[in-house]
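Enquirer: A single structure is presented below for examination.
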Amino acid sequence: MSETNDTSNITDASVRDIFSKTVNIKRSSVRELHGDSIVAEQSSATNVTANDVTARQSAMAQVTATTLSATSSAICYSQVTTANLNAGSQAIAVVASGESRLDQSAVKVLVADTVAEVKSSALGITVANSIAMRDTTVGILIARNVEGNVSPQLDTRGAIIAGAVAGAVLSVVMVATNVLLSRGRKRR
């Protein structure tokens, strides 16, 4: 089933594609979701493209938007200008060219120009021009300007050292593997 018009209100349905200016979905699943303004509540979508996306207790595989606001939602990959993740939202990867904010959320990979505020969140790998953090755990942080009390597992220097060590170990393993494989070929 496909929908095309100015406003689409979908409740308790499974829809293949929606192309509409304004989309409101509730307890529904959609494969392709395209519009100017999208509000999803307790819903899922595979591919979302819009200017403004609001997700509440929803799951989205891929989001391309100007503004993404997510509350208690799961996002696999998003490419946005502005991202706001709140109250238990989780994302695998967020790429934001503008300003981002996180509150009680988790992101495995965050690449952003400016992360204006991160509160009580968990970040894996973070690359930003500027970041302000409070009560947040960070795995690897690469940033030009950092505000707040931050103790990443790896900072820029640590990440470079870890990469060099990993490269050296991998080189030794590859050389050892080649030696063992060449000895095995000579025996035949």
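The values are calculated or read from the model by the stated rules, or taken from the named source; none is laboratory data. It should be emphasised that the depicted structure is a prediction, and the values quoted were computed from it without experimental measurement. Cβ coordinates were reconstructed from backbone atoms using ideal geometry, including for glycine residues, and neighbour counts include every protein chain displayed.
Enquirer: Consider residue 59 carefully, then state whether it is more than 22 Å from residue 129 (Cβ to Cβ) and at pLDDT 95 or above.
Expert: Judged against the criteria, residue 59 is a match.
Enquirer: Among the residues of the range 45-57, is there at least one that is surrounded by 14 or more Cβ atoms within 10 Å (Cβ to Cβ), in the same structural domain as residue 87 (by TED's automatic domain parsing) and not in a strand (DSSP E or B)?
Expert: Yes, that holds for at least one residue.
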